[in-house]
Amino acid sequence: MSTPVLEVRNLVKRFGDVLAVDGLSFSVAPGEIFGFLGGNGAGKTTTLRMVLDIIRPTSGEISVLGSAPDRRQAAAIGFLPEERGLYSGMSAIDTIVYFGRLKGMDTASARSRGMELLERFDLADRAKSDIGDMSKGMAQKVQLATSLVNQPQLLMLDEPFSGLDPVNQGLLENEILRASQRGAAVIFSTHVMQHAERLCNRLLLLRKGRKRFEGTLEEVRRKLPASLIANSRGDLAALPGVASAERLGTPQDGWQEWQVELDQGVEAASVLEHCSTHGVALRRWDERHASLHDIFVELVGGEGVEE
């Protein structure tokens, strides 16, 4: 297994009497897209700021590219903050070059890379436009370019989809995938579950600073029982592994439609096997798993979650 780009161990952060991050541990490998999920005030932004060495932890350890956080690591890190903010009065390309220079790039390389990004974001014709004259969506794409200009090994995006229209959300998803494919470790915080479902190799659910779950989407879906929609001749409620079975409508030629809820941890395939041993005939069998939204609400609570 490759060495993690980012590793967090037993991280704690207190602000006076407020425990913002509570014993948090996780790691992100090269090429991995890691979803950092939690409601408002869960500790996501605080954790990312500690990784960036903007604030210091109360206790615990952080390793970025094999060493403790240090602002000299800026050349290997890209960060898109939740609070968007660029300098009005600067052009789009000068803004990107400025951030590239802060990350150790020479001016020519930063300008070449910046123009490449503006071209990809359909903003090449606005390269010399003042940031203050741009729409919010355009300015957000420029800020995204500032986080990508140095082709970071660790790309961190804090609520990156906030305020973007569907087209620009798709553009951002493509950039996340592109960064992962070239080997960057990508971590993004969000409370919009659909992006996490589409993009993440692994995810972490955070509630009030404490980890509630870490693993793959398939693993987290096992936290809630699967359900089935089935059409059968025979009583599905009597099968082993079935928690409940509700008849839907009236039978048609002896065939009954069912809504079936399985016991926790029971695989649908095992119930299917029981159908043959119990003489239950089937002509339709649709397995359904809980959505990430449902799991989030179950493990973390409904506050701050969006469909």
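Where a number appears in this text, it was derived from the coordinates with a stated rule and is not lab data. Being a predicted model, the structure only gives us computed values, none of them experimental. Cβ: placed from backbone, ideal geometry, glycine included. Neighbour counts: every protein chain shown.
Over 31 Å apart at the Cα level, from the set LYS44/LYS103; LYS44/LYS128; LYS136/LYS211, are LYS44/LYS128; LYS136/LYS211.
Computed from Cα positions, the angle between helix 166-181 and the longest principal axis of the chain comes to roughly 80 degrees. Spin-label model, GLU83/GLN181: points 7 Å from Cα along the beta carbon direction are separated by 3.5 nm. If I compute volume of the Cα convex hull per residue in Å³ from the structure I just sent, which labelled value in [x] 118; [y] 169; [z] 141 lines up? Answer label, from the structure shown: [y]. For the chain, the 222 nm mean residue ellipticity estimated from helices alone, with every DSSP H stretch of n ≥ 4 adding -39500 (n - 2.57) and the total spread over all residues, rounds to -9000 deg cm²/dmol. In region 6-221, a dipole from Cβ-located charges (positive for Lys and Arg, negative for Asp and Glu) runs towards its positive end, and of ASN201, THR58, ALA74 it is THR58 whose Cα lies farthest in that direction. Between the helical axis of 136-148 and the longest alpha-carbon principal axis of the chain there is an angle of about 80 degrees. The relative contact order of region 6-221 comes to 31 percent, based on Cα pairs under 8 Å that sit 6 or more residues apart.
Stretching LYS136 away from GLN252 to a fully extended chain increases their span by 36.1 nm, per 0.36 nm per residue minus the current alpha-carbon distance. Using only the Cα atoms of region 178-285, build the gyration tensor, take square roots of its eigenvalues as a ≥ b ≥ c, and label the shape rounded, prolate or oblate: rounded if a/c is under 1.5, else prolate if a/b is larger than b/c, else oblate. Prolate shape, in that a/c is at least 1.5 and a/b is the bigger ratio.
Quote to one decimal, in nm, the extra length available between ARG120 and GLU261 on full extension: 0.36 nm per residue of separation minus the C-alpha distance between them.
Numbers: separation 141, 0.36 × 141 = 50.76 nm, distance 4.68 nm.
This chain segment gains 46.1 nm when fully extended.
Computed about its Cα centre, the charge dipole of the chain is approximately 1000 debye, with only Lys, Arg, Asp and Glu carrying charge at their Cβ.
Order the peptides 190-200, 98-108 from the highest to the lowest mean number of other Cβ atoms within 10 Å of their residues. Intermediate results must be reported in sequence, preceding the final value.
On the way: 190-200: 19.5, 98-108: 16.3.
Those peptides, ordered most packed to least, come out 190-200, 98-108.
Given their separation in residues at 0.36 nm each and the Cα-Cα distance between them, GLU273 and ARG101 gain 55.6 nm when the chain is fully extended. Packing-based ranking of 142-149, 42-49 yields 142-149, 42-49, ordered from highest to lowest mean Cβ neighbour count within 10 Å.
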